[in-house]
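Colleague: Before we start, here is the structure in question, set down as structure tokens.
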Amino acid sequence: MRVGACLLAAVIAGCLSQTSVAQEAPVSGYEFLLPETKALQDDDFANPGMLWVELGEELWQKQAANGTSCQSCHGTPEAMRGVGTRYPQWSETQGGIVSLEQQINMCRTERQQEPVFPYSSDELNGLTALVMHQSRGLPMSVATSGPAAEAIARGKDYYETRRGQLNLACTSCHVQHVGDRLRGETISQGQVNGFPIYRQLWQGMGSVGRMIAWCNDAVRAEPLAEGSQMAVELELYLRSRGEGLPIESPAVRR
């Protein structure tokens with residue numbers, strides 16, 4: 001049995017302490033970290049996620065075959081301040097919710113005439129981390145009305161639905177057991193204001209979509225592909241759930 005499945009199976013085995021009272025106000029996962037992990041995130045020279053931000057800076061300036069670059073259209077990365085706070089968002093041209101990763105890849109194909117960066121690739125994580133990093137300290141503020149409202153409702157329904165062989169919903173951990181101990185871990189609210197994150201378990205960067213896929217795998221549920229409509233709508237719900245939390249990317253998590 002894989003490590004993630006073992007940890008979540010512990011819920012069934014009764015390894016959790018008594019159920020905590022759900023926290024009404026959103027609380028960043030940062031508040032649940034060990035002091036040494038907080039220190040790692042806080043130090044830009046030590047934070048390993050900054051390596052991906054640096055990669056993103058290189059890609060930002062790199063010219064495509066047609067002579068365009070991110071910088072030739074948008075200016076310096078600092079011009080992106082505030083952009084990351086509102087993704088995922090409704091796109092009229094796409095007729096649906098679009099994540100930041102998808103928007104980056106649309107720029108790649110439509111403006112630069114280049115192939116997309118694969119999900120979970122260093123290149124896509126690097127550019128996403130760079131854009132999100134420009135909004136560090138600003139509050140998440142995704143649109144929740146209009147067409148986005150229906151997507152958020154679907155994301156919320158997914159979040160609250162039990163699934164997998166372990167018959168767990170996202171709420172089973174991140175609402176009902178916030179602050180409890182799951183073996184060596186303290187269960188957080190599952191907020192996503194730090195993504196993309198450097199996760200020590202992965203020894204690399206990961207998007208919200210990768211985290212969703214990992215959780216599904218851990219409860220032995222049907223995989224939810226990164227970049228799928230449901231994964232993007234679930235991310236939108238998660239970001240709306242953490243409304244007002246400051247962007248931390250690149251955050252460090254265990």
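Colleague: For the chain, with only Lys/Arg (+1) and Asp/Glu (-1) charged at the beta-carbon, what is the dipole magnitude about the Cα centre, in debye rounded to 20?
Modeller: Value, rounded to 20: 560 debye.
Colleague: L182's amide H: which non-local residues (gap 5+, or another chain) put their own amide H closer than 5 Å, with H modeled 1.01 Å from N in plane and none for Pro or chain starts?
Modeller: Counting only residues 5 or more places away or on other chains, the set is I187.
Colleague: Please sort by residue number the chymotrypsin sites (Phe, Trp or Tyr not before Pro) in the range 22-121 whose DSSP state is loop and whose Cβ has at most 12 other Cβ atoms within 10 Å.
Modeller: Sites meeting the loop and neighbour criteria: F45.
Colleague: Any idea how far the Cα center of the range 171-236 sits from the one of the range 58-74, in Å?
Modeller: With the range 171-236 and the range 58-74 each reduced to a Cα centre, they are spaced 32 Å.
Colleague: Shifting gears a bit: Restricting things to alpha carbons, tell me how big the range 50-134 is in terms of Rg and Dmax, in Å.
Modeller: My reading of the Cα-based Rg and Dmax gives 12.1, 34 Å.
Colleague: Okay, next question. Taking R0 as 22 Å, what FRET efficiency do you get between E54 and E243 from their Cβ-Cβ distance, rounded to the nearest 0.05?
Modeller: With R0 = 22 Å, the Cβ-Cβ based efficiency is 0.15.
Colleague: Also: Given labels modelled 7 Å from the Cα in the Cβ direction, how far is it in nm from Q63 to A153?
Modeller: Output for this residue pair reads 5.0 nm.
Colleague: Moving on to the next point. Please compute one quarter of the surface area of the Cα convex hull for the range 116-219 and express it in square nanometres.
Modeller: For the range 116-219, averaging the hull's shadow over all directions gives 8.3 nm².
Colleague: Tell me, in nm to one decimal, what length is gained between V116 and S145 on full extension, where the rule is 0.36 nm per residue of separation less the Cα-Cα distance?
Modeller: That pair, V116 and S145, stretches by 7.4 nm at full extension.
Colleague: Round to the nearest 0.05 the FRET efficiency obtained for D42 and T186 when R0 = 25 Å and r is the Cβ-Cβ distance.
Modeller: So, using R0 = 25 Å, E works out to roughly 0.85.
Colleague: Please report the spacing between the Cα centers of the range 125-139 and the range 144-162 in Å, no decimals.
Modeller: 24
Colleague: Using the Cα centre of the chain as origin and beta-carbon charges of +1 (Lys, Arg) and -1 (Asp, Glu), tell me which of T128, V178, Q63 is placed farthest towards the positive end of the dipole.
Modeller: It is V178, whose Cα lies furthest towards the positive end.
Colleague: Can you run phi through the Karplus equation (6.51, -1.76, 1.60; θ = phi - 60°) for the range 116-130 and list ³J(HN,Hα) in whole Hz, with x for Gly and Pro?
Modeller: Karplus values, whole Hz, x for Gly and Pro: 5, 7, x, 4, 6, 6, 4, 5, 5, 5, x, 5, 5, 5, 4.
Colleague: Cut-off is 10 Å between beta-carbons; in what order do S99, S121 appear when sorted fewest neighbours first?
Modeller: S121, S99
Colleague: Now a separate question. Can you give the three extents of the C-alpha atoms in the range 194-254 along their principal axes, from longest to shortest, in whole Å?
Modeller: If we take the Cα atoms of the range 194-254, the spans are 31, 27, 18 Å.
Colleague: Next up: If you average 1/r over all unlike Cα pairs in the range 86-160 and invert the result, what Kirkwood radius do you get in angstrom?
Modeller: That comes to 13.8 Å for the range 86-160.
Each value in this text was obtained by applying a stated rule to the coordinates, not by laboratory testing. Computed from a predicted structure; not experimentally measured. We place every Cβ from the backbone using ideal geometry, glycine too, and count neighbours over all the protein chains shown.
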